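Have a look at the structure below before the remarks.
No value in this document is a laboratory result; all are computed from the given coordinates. Small disclaimer: the values here were computed from a predicted structure and weren't measured. We place every Cβ from the backbone using ideal geometry, glycine too, and count neighbours over all the protein chains shown.
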Amino acid sequence: MPLLRMLRPAQWSKNVFLFAGLVFGRKLSDPASVVLALAGFACFCLLSSGVYIFNDIHDREEDRLHPRKRLRPVASGEVSLATAAAHAFLLVVAALVGAWLLSPGVAIVGLAYLGLQTAYTLLLKHVVLLDVICVGLGFVLRAVAGAVAVRVEISHWLVICTFTLCLFMGFSKRRCELNALAENSRNELGRHRRTLALYTPDLLNHFTTLTAGIAVVSFMLYATDARTVREFHTYYLVYTLPVVVYAIFRFAYLVEHGRVDGPTEVLLRDRPFQIALVFWTLAAVLIVYRGVQLNQWVDRLLAAQ
């Protein structure tokens, strides 16, 4: 259905960052916190869909130049501008009202997200580097909203790890767009998105390599931080680093070979990446919530040898 496709439900997977505070704030075993996190996730799904529709309305002419984006409901003419605008307005209002009922703090973060995305659509997406930085900040606001919803402290590591990882994904997304438009001239790239005429494959490869390294180091510093070890009662989180490295390298491999269109497709379609993600999530939850028991089990195992 055109109206459903216009909401881009596949993109709701990006809102899983709202659950970071729930998991690493050690609130996963609290049913009330789980409900609050799910409610926050629902609000941001509505809000992000409203933003996507606004973006589709604003970029409809440029989208018609793209081999895949031209099939979007607004760009293809399947949904009228008036219908799209009405849906965007209703979704945004419903999301902000729901966020306010959940927590005024979540509503404030939602407004900040809406303001950032509006500025991105109207201006910042056409500014080199700031376009990707805005994408990274959007994910940070998602993670912050999740922490506010479940009433846990907003850790600086939550901000740093989310931002650096999403910078990597943002530059990878630009690389995917260059792959999709590889046969177009620089002028044609600029007509679709101005920054694509200024990015080059070599430059984006440099950026993705740099941000991938920063993301890995950020996670390693978080996992070995004294406060992290004290809160989780174990230092074993750092041993999940190989899985983190594999997932990032797998992501980069798929992008470089033009086998995906962006982060969402990697998350939803690539089986090895999904396996790594599930394995890391299960391992992280075990370490965060059963750190003491894990230490005792390892101590007994070593003592028995």
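Values computed for the structure shown
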| quantity | calculated |
| --- | --- |
| With Cα atoms, 0 to 90° folded angle of helix 241-256 axis to the chain main axis | 20 |
| Folded to 0 to 90 degrees: helix 81-102 orientation relative to the chain principal axis, Cα | 20 |
| Assigned charges on the beta-carbon of Lys, Arg, Asp, Glu; the range 1-89 dipole about Cα centre (debye) | 240 |
| Within-14-Å neighbourhood charge of residue 77 [Cβ basis; K, R +1; D, E -1] | +2 |
| Cβ-based charge dipole, the chain, positive-most Cα from 178, 242, 274 | 274 |
| Cβ-based net charge around residue 13, under 15 Å, with every Lys or Arg adding one and every Asp or Glu removing one | +2 |
| Relative contact order, percent, the range 29-99 [alpha-carbon distance under 8 Å, six or more residues apart] | 41 |
| Debye, to nearest 20: dipole size of the range 156-305, +1 on Lys, Arg Cβ, -1 on Asp, Glu Cβ | 160 |
| Within the chain, helix-based [θ] at 222 nm, where runs of 4 or more DSSP H residues each add -39,500 (n - 2.57), nearest 500 | -24000 deg cm²/dmol |
| For residue 295, net neighbour charge (Lys/Arg +1, Asp/Glu -1) across residues whose Cβ lies under 15 Å away | +1 |
| Separation between Cα centres of the range 226-255 and the range 39-107, rounded to whole Å | 34 |
| Sequence-separation-based contact order of the range 156-305, relative, with Cα cut under 8 Å and 6+ spacing, percent | 27 |
| Residue with peak Gaussian network fluctuation, the chain [Cα springs, cutoff 10 Å], from 137, 18, 101 | 101 |
| Angle between the chain longest axis and helix 291-304 axis [Cα atoms, degrees, rounded to 10] | 50 |
| Average silhouette area of the range 1-154, convex hull of alpha-carbon atoms, in square nanometres | 9.2 |
| Under DSSP loop assignment and at most 13 Cβ neighbours within 10 Å, longest GluC sites (Glu not before Pro)-free interval of the chain | 1-152 |
| Test item: Cα-centred dipole of the chain, Lys/Arg +1 and Asp/Glu -1 on Cβ, debye | 220 |
